[in-house]
1. With each label point set 7 Å from Cα along the Cα-Cβ vector, what nm distance links B:Ala326 and B:Arg290?
2. List, shortest first and in nm to one decimal, how far the label point of A:Ile45 (7 Å from Cα along Cα→Cβ) is from its counterparts in the other copies.
3. With +1 on each Lys and Arg Cβ and -1 on each Asp and Glu Cβ, and nothing else charged, work out how big the dipole of region A:38-344 is about its Cα centre, in Debye to the nearest 20.
4. If the cut-off is 28 Å between C-alpha atoms, which lysines fall inside it for D:Lys381, apart from same-chain ones fewer than 8 positions away?
5. What's the average, rounded to a whole number, of partner chain beta-carbon atoms within 10 Å of each residue's beta-carbon in B:301-313?
6. Where in chain A are the DSSP H helices whose alpha-carbon span along the long axis reaches 20 Å or more and whose Kyte-Doolittle mean is at least 0.0?
7. Determine the dipole magnitude for the protein assembly as shown: charges of +1 sit on the beta-carbon of Lys and Arg, -1 on that of Asp and Glu, nothing else is charged, the reference point is the Cα centre, and the result goes in debye to the nearest 20.
8. Across peptide B:136-143, how many C-beta atoms of other chains are within 10 Å of each residue C-beta, on average?
Amino acid sequence: MSTTSVTHLPTDSQPTEPGTKVTRVTPMRRLSHIAERFGLVLLLIAITAFFALWPVTSSTFPTTANMRNILANESILVIAALAALVPLVAERFDLSVGAIVMVSSITTAKVVTQLGLPLAIGVLAGMLTGLVIGLVNGVIIAYFNASSLVITSGMSTLLAGVGSYLAGDTTLLGIPDSLAAFGNQYWLGVARPVWLLIVVALAVAYMLGLTAFGRTLLSIGSNESAARLVGLPVARSVMMAFALSGALAGLAGVLLLARTGSAAAGVGAGYTLPALAAIFLGSTTIKLGRFTVAGTLVGVFFVAISINGLTLAGADDWVEPFFNGAAVVIAVAASAILAKRRLGGTR
Amino acid sequence: MSTTSVTHLPTDSQPTEPGTKVTRVTPMRRLSHIAERFGLVLLLIAITAFFALWPVTSSTFPTTANMRNILANESILVIAALAALVPLVAERFDLSVGAIVMVSSITTAKVVTQLGLPLAIGVLAGMLTGLVIGLVNGVIIAYFNASSLVITSGMSTLLAGVGSYLAGDTTLLGIPDSLAAFGNQYWLGVARPVWLLIVVALAVAYMLGLTAFGRTLLSIGSNESAARLVGLPVARSVMMAFALSGALAGLAGVLLLARTGSAAAGVGAGYTLPALAAIFLGSTTIKLGRFTVAGTLVGVFFVAISINGLTLAGADDWVEPFFNGAAVVIAVAASAILAKRRLGGTR
Amino acid sequence: STVAPGCSMPAKGLADAGKALGWKVTIADGKLDPSVYNAQIRAAAAAKADALVLFGIDCAPVKGAIEAAQKSGTKVFAANALDCDDKYAAGRGKALFDGELVWGPDNTDYATFTDTCVGPGQADWVIAKTEGKANIIQLRQDDSAGTRHIGESAHKRFEDCGGCTVTTVSYTGADLAAGKLQGKVSAALQKAPKANVVTVPVDAAISLGVASAVQQARAGGREILLVGQEGVPASVKLVKSGVQSFALGRPWRWTGWATADGVNRMFAGEKAVDAGFGFGSMDADHRPKADVYDGNDPSAPYVGNYKRIWGVS
Amino acid sequence: MERTPSSTVAPAGALALAGVTKTFPGMRALDDVTFSVAPGRFHSLVGGNGSGKSTLIKIMAGVYRADPGGTITVGPHSRSADGITPAWSHQAGIRFVHQDLGLFGALSVTENLLGPDMPRAYRSIDWRTAHHQAQSVLDRLGVPVAARRCVRDLRPAEATLVAIARGLRDADTTEVNLLVLDEPTARLPHTEVDELLDRLDALVADGQTILYVSHRLDEVLDHSHSVTVLRDGVHQTTQSAECLDRRRLTRLIVGEERGILHKRASAAADGSAAPILRVEGLTGGPLHDVDLDVRPGEIVAVAGLVGSGRTSLLETIFGVHGYVAGRVMLGGRPIRRGRVDAAIHNGAAYVPEDRARHSAFHSLGLEMNLSVADLHRYLRKGVFRRRQELRDAVSDIDRFSIRAAAPDTVMAHLSGGNQQKAVLARWLGQDPKLLLLDEPTQGVDVGARAEIYEQITDAARGGAGVLLVSSDLDELLHLADRVYVFDGGTPVACATGSDITPEWVGHTLFNSTEDE
Ligand SMILES: Nc1ncnc2c1ncn2[C@@H]1O[C@H](COP(=O)(O)OP(=O)(O)OP(=O)(O)O)[C@@H](O)[C@H]1O
Ligand SMILES: Nc1ncnc2c1ncn2[C@@H]1O[C@H](COP(=O)(O)OP(=O)(O)OP(=O)(O)O)[C@@H](O)[C@H]1O
Ligand SMILES: [Mg+2]
Ligand SMILES: [Mg+2]
């Protein structure tokens, strides 16, 4: 059991219980509690401030253009990460997110360029591809009770083959301008992919927190057999989680196509690990030990901002991964120490 | 709690319970039970037989030389997978295995070629590097109670930086002949790396099954808080598991160096996913739901044999991943169906 | 990336040249990952860079980013990179580069250079060495357009050879990092017991497992020529030690300086000129003198020449 | 606040606690607890749910670290309460049977029993000897479990016995200063309870000191020498058991006169009404040819020994398991076998026996645990009404006297009894037509127990049928309108109304086994 710390409001009425002296929360304690919960968020703010002030990057990093650019670029990763998040809430891993991103971007590209069908159909085809693949994952995992790690990693290998069959070792170009425009244009000063990101993030957060489906996934993640015994539709929900995950990954694939203007086998597959890493990283902040939308966003942008800043600084190529990895390890270790000190008891 | 399907052997003595008529085990049922437990093993045998008999590969696949080659090649992956297996038994992921393989192979190469120290010291340095990195992982994860997924994925990023710092832009060559000879020569008709593989696999199996340390890891994996309650040294064992994992990954790194004769940044990092995939795949066979040495071996060779056979058949490059992924998904789904049919109920 | 010295060495050359020219040069490592290239190109554009130089990064996988960069006023210059009208970019690709390095007489672009010089150059050496009786295992990496050009053009030349037999083995970039190459090559050597030549499209593959597989087969008494392309320092070493039989060496650092010259000319509104750096065949009979190959006559004073042309010292 | 002066019944002895305090975020679980236990005593520790018993025990085990200040002395070993580690505790000779058992599901009984002391041969584990040793421990203690079995496959009662055997193992051979059992009998049927208590008495007679936690006051009163009562983390009294009776003890625990059970006035279920549950010829798993029915307003109990198939019966009715022959009809309609959703759809509700595995969502908040069985109630136009959910949680907390720091406290942070109340509240709040209750009041304190009985009776009065499995004879006698005695997976006897007497139940239970 991971010791999740949750806010215990000391306001609750405990009638006729004179013995229960509510312990006073000292300011020091409160501060360390905040540092523990928002450690990563604070670190994100710190590195942003650092790159904004550091002379080497101060002229290029804190510009609107650069900020817009970071946001727009990461929109793909964020959506891919949210795709992986949905089944993860129900304790199912989706290692095929990246492969789905790839296959859907290729599908959309093929439908649009080689079959010459309208863009809307292409976009739909991409998302549908993702949905169908997710559904296959979901059916096998949910109804056959198979290990999600095995099935989705197998699926990811399989899709690598499908991708290279479809793309045939070429890079598919010739995406309609309207799609490319979507990927690169602004609306109210914010890049359109960022709007998409916002919409998707809100939708997923809403879905997880405020719908019966989301609650069901949370319950399954907490105690699957108990979920069965209170009559929650476990298998169906798991299947739907994967289907949704697939559709979101498909959307990420379409967005990738819109941003890069091309599709090829192997492109997109690299999103799986960063997506999962962002979620895990995010689980160490805000709601400790839980996989959340907000945490995932923090996780993605923490990595993205430091890469961007170091790229702009022209750091040697070993610096960036070193910095990133060290920051993650230190941030998490520090917040773990704080948590331990605060909880004191629970060893 | 993941509902891993557990084998309820009907042979168990249930004393003084006359009413419980154990349902008779028909030969059909027993067969399906075997198929379920040994599904993947049977599939491994089947594809081996297929490539041995298929006219396209029948002259090249079932030769001693080819079998030797498969075994020798996979020795690195097997050792890397065993490295990941050790902490996984205690429910800790090690995503830094590949990165450790890389850094240790670079370290050994540097010690031997650039510092000109004797080979033995180089090999020791490589393994020691792995051990130390594993120890750092282990201390943070065990004593700070941090998430293994986050720490090891952060560490893996960090090590990518370290690797490219150490190796620079060059491929390190000039490995002493004795090391290259170890990697590529035979002893009693079996390649030396294979002997190493056998020794390591037996040692890990022994360690997990027959030592107090191994049983402690299993106990932690089974019920961590119970392990604490009975006074098992949870933190220390987890730390040692990572240290051991690091040392094994270091060994895999040295072996990689011996086999390829060179070291470079980025090489070896690719072992993480295949290693974990092999373990997960292996957990669907022999002891269902458990991570075992035998299962891991089956997982590794299942993938290796099909790649080898398809390479010999000269298949298009999309065929191999497709075949592999499809085989995994189908094999696991089939054994899951069998298990479900046998257990009948919902839970 | 560091695993692909063919991309990082010219980048260093460019950085040195840039220093001489008083430019601010920032190197970004794409880590062989297209999504990283995209982010970095866009970051450069957002930082209002004047020009962007692509080493080993083709247009097609980053088309969107290049267009975005050009829109925001950053010029895109290609060194060893293929434009979007490449034949392995399916669809109606248009050439996008603002400027390109010239790889030979008559404004030879990079695609033509690989198709006519690199791949065939490799093949010609094999054919000559074996007197037209080569039994070749050709390793192909077709998931990247650059290596595919080399593989395809070499293959064509082998077909014209008459007495040559070719067995193709394909691998992917992912196979390299996961150590799958050695197994594949060993298997291929078994499948073709008469093979006496192994060719690879990039030298990186050699040290990542091909060399070991070949050495093992040689230890079993076979005579095999191991043929590469690039001539980066590691392969210079391998050629010297006899493990690699041939490298089609290319002057990587010089490429960086030539690129700087091209970019300089692009700013001045001129076209790049042919730097005249063909390539150096390295084999047992033509052992490279230095540890780093950088043009056929290592004393070639290109640095001084460029500085003179640019009017700096 | 009145506090009985620590009436030291005995001089400093086997266990002495001084000034032990434990604060969890937002709540003080133990407040300056001081008492001692004389050597060779059977000492009971009692108190309401959430009064701090398990917390105290976990501090002694080194699982929780107490606030600085207290000391704990065990025999010759003494340590400040905030410095205790599991290793010290073991070394000081304390052995535990924890409330949640703390067994390793994936490992064999042998490993669970012998733990770190597995026999070695040449540095590796000698499995043959190990199994042999473990089996002999089990046999000696009369635990009918094979040592080689995997703990995951054990039934709750068997698992409890294994956990107890683990605690007792050393007590027979090596020197154990203190044996601590935290509600070992909550899930044991009374026959096993008697055996266990006899065994403990024998140990005490040999000089063993025992600290025993239970909500079953009869056990406490009949067997202990001395009793310590905690209330809301505050030590109330430590005194000799002789001066206590049930009423006095209840008052000490609850703080008022309550919880004295009288036989429920039978709600005279309408004999003519169609049964809400009808089971006909049900055969499958351990069950054979089971016929029974439950009418609206009726509470039907199922009694039986360990392994007689009571849990399997409820699970099969609820659709957890499929079956081979027969049928199950709910509200007159046959329901599909092996389908939990079908059972729930037809108005069935099930409170399982194994809370940790089958009913508690440990990582979720209390309010989510309460609402989980009826999520749709909180949906209004697709939006989940969080506020309503929290409001309902507050009222359930009040109604079932659940002790929690806040309505959204994580379930894992509740005491065992409070978790059980939450699980009951989850279903009772929903007016099910058929309530399947498997050991519903395990670990629930005397105060809350009466209220839960009230809720169950209310449900029956409202027209629900109740099928109750309980190993607690008092509970059975108090609630049941009709009792089936199960043996070997089939009902062997049935009694109604005033025919249900302790003598009849005991007689039927034992005779039926002896027949075979
Ligand atoms: N890990 C924890 N975090 C926060 N509060 C806790 C934790 N563990 C226990 N508590 C609180 O401490 C109080 C005492 O709990 P404890 O488990 O000791 O009660 P108990 O006397 O054993 O009750 P029961 O009879 O129900 O088992 C409870 O109110 C509980 O909510
Ligand atoms: N999970 C299981 N694994 C193995 N056997 C089982 C399992 N569940 C039930 N059984 C078998 O079914 C029989 C009846 O078990 P069941 O749990 O229904 O009895 P019970 O009367 O509820 O016993 P208890 O007092 O332990 O709760 C047992 O004898 C056992 O052999
Ligand atoms: Mg308790
Ligand atoms: Mg039962």
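The values are calculated or read from the model by the stated rules, or taken from the named source; none is laboratory data. What you are looking at is a predicted structure, and each value in this text was computed from that prediction instead of being measured. In this analysis, Cβ positions are derived from the backbone assuming ideal geometry, glycine residues included, and neighbour counts consider all displayed protein chains. These area figures cover heavy atoms from the full protein model, side chains too; ligands, DNA and RNA do not enter into them. Shrake-Rupley method; radii C 1.70, N 1.55, O 1.52, S 1.80 Å.
1. 3.4 nm
2. The projected label point of A:Ile45 is separated from its counterparts by 6.4 nm.
3. My answer is approximately 840 debye.
4. Straight-distance partners of D:Lys381: A:Lys287, D:Lys433.
5. Taking all residues of B:301-313 together, the mean is 3.
6. A:39-53, A:64-89, A:119-143, A:148-167, A:192-210, A:234-260, A:293-313, A:319-343
7. Approximately 1540 debye in magnitude.
8. On the way: counts 2, 1, 0, 1, 6, 3, 0, 4.
Counting Cβ atoms of other protein chains within 10 Å of each residue's Cβ and averaging gives 2.
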